[in-house]
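Asks: I'd like to ask some things about the structure below.
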Amino acid sequence: MNLEEAIQNSWRRIDEGQVATYIPALADVDPYQLGVYLFNIKDNKRVCAGAAQTRFAIESVSKVISLLYAIEHLGLTTVNQRVGTRQTGFAFNTILNMEITRETKPLNPFVNSGAIVISSLITEENGQSPVDQLLAFTRKICHDPQVSLNEEIYQSEARTGDMNRSLAYYLKAKGTLTRSATSSLETYFKQCSFMVTCESLANLGAVLANDGVAPWDGERIVSSAAATYAKSVMMTTGLYTESGTYSVRIGVPTKSGVGGGLVAAAPNYGIGIFSPALDQAGNSIAGLDLLERLSQQLHLDIFKY
Ligand code: GLN
């Protein structure tokens, strides 16, 4: 598989997208970047190309990590009581299902309302704040001790995050948030501001692809049930309104973030991709084009049986 050639081809799609501008600090990111890191866990081979070592804001890919952390710490029953596992036909900051059907839980852990609920479930433990716990866990599951919080992006998110604030207060009023709206939002905004690389995300994908076990040292990081749960939700709703589209075109559990990151957990492969120009739904446009090429060439589509 020629990664450089695949990158060159997918690069052409960048002009069709735009960087996220609703978070001012993300608007400054150069859109003309595309990187990929591929971790083959079967042969223990790693290859990368393009902007594979560039750091970028993890944004919504952090929702996979906080979901796994919450499942590990509180159990699936508690998580299921608070957040659904249903598809969304709406944008990532939707709350429509709760308004229309009078449900008290968000559709799934990957819409913002669901992710804010998941973050609120994590509470201070042994003097460690929820953010400190999530940062430590992110470093571990991404096998990347360099992951750190970008203060400028956090401040930018917090300053302009009125939509997320409205979701949090709404959830609080519905009795769905276990912590205060402000402290839940602080955790959520901060986890979105963690800085990762394609390699960090490929490692995360590799743990999921390896049933919850770190392929680099054999340590189980999350249970098999947690890994399966996360991959299922990634498949059905990891790419928001376009999840169905890419389920057909790519067929690999994938999660996107508006920083331009993608994590994919394919049979035998963990994949991390970065390209900040986004489609209308908030997914990396060249990144998904590249993932589609990888899926075709490496036969990664889980529905081809
Ligand atoms: N921090 C972003 C937000 O809350 C994350 C959204 C995303 O990556 N889809 O709006």
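Asks: Of all residues in the stretch 198-228, which are in contact with a Lys or Arg (Cβ under 7 Å, 6 or more places away or on another chain) and open to solvent by 10 Å² or more (accessible area, probe 1.4 Å)? Outline the logic, then answer.
Replies: If we filter the stretch 198-228 for residues that are in contact with a Lys or Arg (Cβ under 7 Å, 6 or more places away or on another chain), which is where we start, we get 208, 212-213, 221.
Val213, Ile221, listed by residue number.
Asks: Within the stretch 1-30, which residues are more than 15 Å from Glu152 (Cβ to Cβ), open to solvent by 20 Å² or more (accessible area, probe 1.4 Å) and within 16 Å of the ligand (Cβ to nearest atom)?
Replies: Of everything in the stretch 1-30, those that are more than 15 Å from Glu152 (Cβ to Cβ), open to solvent by 20 Å² or more (accessible area, probe 1.4 Å) and within 16 Å of the ligand (Cβ to nearest atom) turn out to be Gln18, Val19, Thr21, Tyr22.
Asks: Could you say whether any residue in the stretch 150-159 is in contact (Cβ under 8 Å) with a residue 40 or more places away in the chain, of a type outside the set (Val, Ile, Thr) and more than 16 Å from the ligand (Cβ to nearest atom)?
Replies: no
Asks: So, of the residues in the stretch 270-305 that are aromatic (Phe, Trp, Tyr) and over 16 Å from Gly35 (Cα atoms), which turns out to be surrounded by the most Cβ atoms within 10 Å (Cβ to Cβ)?
Replies: Looking only at the stretch 270-305, we keep the residues that are aromatic (Phe, Trp, Tyr), and these are 274, 303, 305.
Next, only the ones that are over 16 Å from Gly35 (Cα atoms) stay: 303, 305.
On the way: Phe303: 10, Tyr305: 4.
Result: Phe303.
Asks: Scan the stretch 246-301 for residues that are within 16 Å of the ligand (Cβ to nearest atom) and in a loop (DSSP other than H, G, I, E, B) and jot them down.
Replies: Gly257, Val258, Gly259, Gly260, Ser275, Pro276, Ala277, Asp279, Gln280, Ala281, Gly282, Asn283
Asks: Any idea which of (1) hydroxyl-bearing (Ser, Thr, Tyr); (2) assigned to a helix (DSSP H, G or I); (3) touching a residue at least 24 places away in the same chain (Cβ under 8 Å) is the one Thr178 doesn't satisfy?
Replies: Against the list (1) hydroxyl-bearing (Ser, Thr, Tyr); (2) assigned to a helix (DSSP H, G or I); (3) touching a residue at least 24 places away in the same chain (Cβ under 8 Å), Thr178 comes up short only on (2).
Asks: Follow-up. Could you check the stretch 87-133 and list, in sequence order, the residues that are modelled with pLDDT of 85 or more, over 19 Å from Gly238 (Cβ atoms) and open to solvent by less than 50 Å² (accessible area, probe 1.4 Å)?
Replies: Matches in the stretch 87-133: Ser120, Leu121, Ile122, Ser129, Pro130, Val131, Gln133.
The values are calculated or read from the model by the stated rules, or taken from the named source; none is laboratory data. Bear in mind that the values here come from a model prediction, so they are computed numbers and not experimental data. Every residue, glycine as well, gets a Cβ built from its backbone with ideal geometry; the counts of neighbours run over all protein chains shown. Surface accessibility is based on the protein's heavy atoms, side chains included, excluding ligands, DNA and RNA. Shrake-Rupley method; radii C 1.70, N 1.55, O 1.52, S 1.80 Å.
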